[in-house]
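Computed from the coordinates by the stated procedures, all read-outs in this text should not be read as laboratory data. It should be emphasised that the depicted structure is a prediction, and the values quoted were computed from it without experimental measurement. Using ideal geometry, Cβ is built from the backbone for each residue, glycine included, and neighbour counts are taken over all protein chains shown.
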Amino acid sequence: MTPRRFASIGALNSRVVACRLCPRLVRYRESVKPRASFAGEEYWRRPVPGFGDLGGRLLVIGLSPAAHGGNRTGRVFTGDSSGRFLVRALYSAGFANQPVSESRGDGLVYSDCYVTAAVKCAPPSDRPTPTEFANCSQYLDGEIALMPDLEAVLALGALAFGAYVGHLRRRGIGVRGLKFAHGAAYRVSGFPALYACYHPSPRNTNTGVLTQGMLVGVLRRIRSDLGAGTRPSKHN
Ligand code: SF4
């Protein structure tokens, strides 16, 4: 399958927010019951587009919006604990103007960095199916094609890592040897360097599997590699 291209991010996002390709996810996103703490708030309940600086050199790929995070606020990694954890780290590493990500109007600006999700609708139990990954891959492909200066991709979790590896396959790139492991970094000839990090989901951050220091460490390494104009020297 040839990766899909869109004329502009506006054209891509118009398709994203109107997308109904995955019946299970459409049902779920539209029927999530608001939490008591968000009672009275109008949930977004649509696919959640990526957000940030498409002219940036770093692309961060998460898994999918959370039912009461992006599916509520309409912005990726916004209004939930994963978003707070990630954005605090992006701020520490110099990719965000503030350590807070609570709502679309909160003033957050990413610089040199674009953030998206492999699957753009909230799935039940945070688990998209292989078909749903495949359906949504056209949008990830489209976002990547709209980043002319892309030099580094950070995959958050094994599933996001797999989604990006799928993108490389669609581009005809051999992916043998690309294995998810926290802290791994790969040079991919002719393509952005690929970095891997555990996903900042509560099951990882509440148990110490992923600490703020670990995520900041990965982001600072990327920042350093970008600044030096270097790429990871080897698979690790
Ligand atoms: S997950 Fe992606 S492909 Fe599926 S309905 Fe949502 S936006 Fe469309």
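Equivalent-ellipsoid semi-axes for the range 120-210 (Cα gyration tensor, √(5λ), whole Å, largest first): 22, 18, 12. Relative intensity of the range 110-158 on a log10 scale, I(q)/I(0) at q = 0.21, 0.25, 0.30 Å⁻¹, equals -0.84, -1.07, -1.29, per a Debye sum over C-alpha point scatterers of equal strength in the absence of solvent. Of the Cα atoms belonging to the range 68-128, the radius of gyration and Dmax stand at 11.4, 33 Å. Reducing the range 133-184 and the range 1-27 to their Cα centroids gives an inter-centroid distance of 17 Å.
Which value in deg cm²/dmol, rounded to the nearest 500, describes the helix-derived mean residue ellipticity at 222 nm for the chain, given -39,500 (n - 2.57) per DSSP H run of n ≥ 4 and division by the residue count? Don't skip to the end; give the middle numbers.
Numbers: 8 runs with 84 residues, N = 236.
Only helices count here, giving -10500 deg cm²/dmol.
Quick check: net charge around ARG220, other residues with Cβ under 15 Å of its Cβ, Lys/Arg +1 and Asp/Glu -1? Write out the running numbers ahead of the final one.
On the way: positive: ARG57, ARG88, ARG221, ARG223; negative: ASP112, ASP225.
Charge balance near ARG220 sits at +2.
How much net charge surrounds LEU154 when only other residues with a Cβ under 13 Å from its Cβ are counted (Lys, Arg +1; Asp, Glu -1)? Taking every other residue near LEU154 into account, the sum is +1. Maximal additional length on extending the ARG27-THR207 stretch stands at 61.7 nm, based on 0.36 nm per residue less the C-alpha distance. Over all alpha-carbon pairs in the range 13-147, figure out the percentage whose distance exceeds 19 Å. Percent of Cα pairs beyond 19 Å in the range 13-147: 46. Taking label points 7 Å from Cα along the Cα-to-Cβ direction, ARG104 and ARG187 give a separation of 4.3 nm. Once backbone amide H atoms are built at 1.01 Å from N, VAL153 has LEU59, ALA193, LEU194, TYR195 as its partners under 5 Å, excluding neighbours fewer than 5 places away on the same chain.
Take the Cβ atoms of ARG35 and ARG15, set R0 to 30 Å, and the FRET efficiency comes out at 0.50.
Converting phi to 3J(HN,Hα) with the Karplus coefficients 6.51, -1.76 and 1.60 and the offset θ = phi - 60°, the range 8-19 yields 7, 5, x, 5, 5, 5, 4, 5, 4, 5, 9, 6 Hz in sequence order, with x at every glycine or proline.
Looking at the chain only, what percent of DSSP beta bridges run antiparallel? Nearest 5 please. Please list the in-between numbers first.
Values: 5 of 19 bridges.
Counting DSSP beta bridges with both partners in the chain, the antiparallel share is about 25 percent.
Given the chain reduced to its alpha-carbon atoms as identical point scatterers, what log10 I(q)/I(0) does the Debye formula return at q = 0.12, 0.17 Å⁻¹? Here the Debye-derived log intensity ratios amount to -0.61, -1.31.
Residues within the reach of a label modelled at GLU42 (point 7 angstrom out along Cα to beta-carbon, backbone nitrogen below 18 Å), restricted to the range 89-122, are 103-106. Here ARG171 and ARG127 are evaluated by their C-beta separation; at R0 = 22 Å the FRET efficiency comes out at 0.25.
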